[in-house]
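Here the structure is laid out as structure tokens; the discussion comes afterwards.
No value in this document is a laboratory result; all are computed from the given coordinates. Values in this document were obtained by computation on a predicted structure and should not be read as measured data. Backbone-built Cβ (ideal geometry, glycine too); neighbour counts: all protein chains shown.
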Amino acid sequence: MLMNSQEYLKVYENLKLRILNRDYAAGQKIPTEMQFCQQYHVSRITVRHALRLLEKDGLLERFQGRGTFVRAMKPAKLPITEMGFAKSVKKYAPGLSRVLLNSELIHAPADICRFLRLEGEKCFIAIRQDILNQEGIAFDRAYIRLEHCRSITEEVLVEIDFFERWQESEKITLAFYEEIIESIAADCQTASILNIQEGTAVLKSSEVYYDTNDKAIAVFESYYRGDKVKLTSTISLNGKKYV
């Protein structure tokens, strides 16, 4: 029987997601090839190829006469490449989810008011937490000028690609952004959201976005657990890339 490449890739991706989401825990014996055949309605050769790919990825290990088991892995940090959060999540952590902790209109802190040039005006704030493997690994505070949040809904706020959807729905053309990355000590709120001790070092990224009139329209403050997330960048020299 010929193997359908689309079928084995679907089985591979589905099982990979289930392993990364810990539906199959580390050290757990997974179902047999025949059981997967019945579950996914595919041939045995299709299942076998998908399992081989997962074994090659280091997610499974086989033992003669005992079966196939989920391989115990050291906790890995989620790499955020060139600050492309949504793209990085889709590639490295497809099981990540986002929850909305709060959204309201507020008088922003003084530093946010300076960036957004708010003179007594309120702005919109959304506080969101990113969860992976049932743990909070990051959260952000999104401050947005009122004239640019007309189409924002709770449903959109929890999307991983919120930023792109927000730009499109508000018809925003960005000219540039400024970014500051620093290590800070977690305050009481940060420690509570990320379930860490107050004073623990966390990575903070502050991004200010400007429209084509050089007007700041939004500030995003993101806080990352240092033991769960790492920021990486790529430098090109003479046509070669270095990470």
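Points to keep in mind about this one:
- Coupling constants for region 217-228 follow from the phi torsions by the Karplus curve (6.51 cos²θ - 1.76 cosθ + 1.60, θ = phi - 60°), and in residue order they are 10, 7, 10, 10, 10, 10, 10, 10, 5, x, 8, 10 Hz; glycine and proline get x.
- Normalised per residue, the volume of the convex hull around the Cα set of region 35-79 (Å³): 107 Å³
- Positive-pole candidate from Y177, P94, A142, dipole of region 78-235, charges at beta carbon: P94
- Cα Rg, Dmax, region 111-208, angstrom units: 14.9, 42
- Stokes-Einstein D for region 55-164, Kirkwood Rh over Cα pairs, 20 °C, 1.002 mPa s (µm²/s): 127 µm²/s
- For region 90-243, a crude dipole built from +1 on the beta carbon of Lys and Arg and -1 on the beta carbon of Asp and Glu, taken about the Cα centre, is about 500 debye to the nearest 20.
- Fewest-first sequence of H107, H49 by Cβ atoms within 10 Å of each Cβ: H107, H49
- In this simple spin-label approximation, E155 and R114 carry label points 7 Å from Cα along the Cα→Cβ vector, and these lie 4.0 nm apart.
- The residues R145, R225, when put in order of fewest to most other Cβ atoms within 10 Å, stand as R145, R225.
- Charge-dipole axis of region 78-235 as Lys and Arg at +1 and Asp and Glu at -1 on Cβ define it, positive-most pick from A186, Y209, V229: V229
- Calculated on C-alpha atoms, the gyration radius of region 154-221 divided by its Kirkwood radius gives an Rg/Rh of 1.08.
- Too-long pairs where the Cα-Cα distance tops 20 Å, listed order kept, from K204/K230; K10/K228; K16/K77; K171/K215; K91/K228: K10/K228
- R48-A72 FRET efficiency (beta carbon distance; Förster radius 30 Å; 0.05 resolution): 0.85
- Unit Cα scatterers, Debye sum, the chain: log10 I(q)/I(0) for q = 0.13 Å⁻¹: -0.92
- Ratio of Rg to Rh for region 5-70: 0.92 [Cα atoms; Kirkwood radius as inverse mean 1/r over pairs].
- The translational diffusion coefficient of region 85-150, from Stokes-Einstein at 25 °C and 0.890 mPa s with a Kirkwood hydrodynamic radius over alpha carbon pairs, comes to 183 µm²/s.
- By the beta-carbon count within 10 Å of each Cβ, the least crowded to most crowded order of T232, T173, T46, fewest first, is T173, T232, T46.
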